[in-house]
Amino acid sequence: MKRVSVFCGSSTGASQIYMEEAELLGTQLARNDLTLVYGGARVGIMGAVANATLKAGGEVIGVIPKMLMGRENAHTGLTELIVVNSMHERKAKMEQLSDGFITLPGGPGTMEEFFEVYTWAQLGEHQKPIGMLNSNNYYNKLLTFFDHMIEEQFLKPEYQSMIIVEKDPQQLLEKFRNYEPPQLPTWISREET
């Protein structure tokens, strides 16, 4: 594993904990010789994880659409900034560049990025680890909703287990290094019993 995409908010959130844990993750990425791939902004949690990675001596690749260059305040101090034409291209490029994906707290855009790579994993499009850094228990209600999806038979338990959830960045990265993708047929090819 060489590069990890991080999906997260361009705002700071209601608690300082979100910024602190984003910084801690950035530091751990650099210490583990992992390049950060992220959305290219210099503000909010996005800026915090990028700055911490750079400060710890790591490399950072930002991927930002032209339309967000001003709105998200593109980070000009990165190892590399890739400008793409659309949000679709951004996600595709981040997936292509990365060996795994970590989701930090964020809003609908962060969730959309997470769910896309999660769906791709279920469909067998990739076998890369997908993690959530559950800072300040931010994702507890979403994790409970996954349980509800299973109860209502819209999600199989083995696919829920594809998501690595941790509160400690270093433990999350250790689980990424040891990740073995489940050897399961994709939901689309599985015969119903």
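The values are calculated or read from the model by the stated rules, or taken from the named source; none is laboratory data. Computed from a predicted structure; not experimentally measured. Note that each Cβ is placed from the backbone with ideal geometry, even for glycine, and that neighbours are counted across all protein chains shown. Heads up: the accessible areas ignore ligands, DNA and RNA and are worked out on the full protein's heavy atoms, side chains in. Shrake-Rupley method; radii C 1.70, N 1.55, O 1.52, S 1.80 Å.
Residues of region 100-127 that are of a type in the set (D, E) and closer than 21 Å to A41 by Cα: E112, E113, E116. Selection over region 47-88 of residues that are open to solvent by less than 40 Å² (accessible area, probe 1.4 Å), closer than 17 Å to S11 by Cα and either of a type in the set (D, E, K, R) or free of Cβ contacts under 8 Å to residues at least 40 places away in the same chain (or both) gives a count of 10. Restricting attention to region 122-131, the residues being touching a residue at least 40 places away in the same chain (Cβ under 8 Å) and open to solvent by less than 10 Å² (accessible area, probe 1.4 Å) number 2.
Please count how many residues of region 89-115 are of a type in the set (D, E, K, R) and without any contact (Cβ under 8 Å) to a residue 60 or more places away in the chain.
5
None of S15, S98 is closer than 24 Å to K167 by Cα and over 17 Å from the mean Cα position of the chain (by Cα) except S15.
Reported count of residues in region 89-103, each being outside any helix (DSSP H, G or I), buried (at least 18 other Cβ atoms within 10 Å of the Cβ) and not aromatic (F, W, Y), is 4.
Looking only at residues that are aromatic (F, W, Y) and out of contact with any Phe, Trp or Tyr (no Cβ under 9 Å at 6 or more places or on another chain) in region 147-181, which one is nearest to K2 (Cα to Cα)? The qualifying residue nearest to K2 (Cα to Cα) is F176. Scanning region 27-49 for residues that are of a type outside the set (D, E, K, R), under 21 Å from R177 (Cα atoms) and not in a strand (DSSP E or B) yields T27, Q28, L29, A30, N32, L34, V49. Consider L172 carefully, then state whether it is open to solvent by less than 30 Å² (accessible area, probe 1.4 Å) and closer than 23 Å to T53 by Cα. Yes. On the stretch given as region 1-26, residues that are among the small types (G, A, S), in a helix (DSSP H, G or I) and touching a residue at least 40 places away in the same chain (Cβ under 8 Å) total 1.
Cβ separations smaller than 6 Å between residues 6+ apart or across chains give the following pairs from region 144-165 residues that are open to solvent by 70 Å² or more (accessible area, probe 1.4 Å) to residues that are assigned to a helix (DSSP H, G or I): P157/I150.
The criterion of being over 27 Å from I163 (Cβ atoms) and of a type outside the set (K, R) holds for G77.
If the condition is being within 23 Å of S15 (Cα to Cα) and aromatic (F, W, Y), then region 102-121 contributes only F114.
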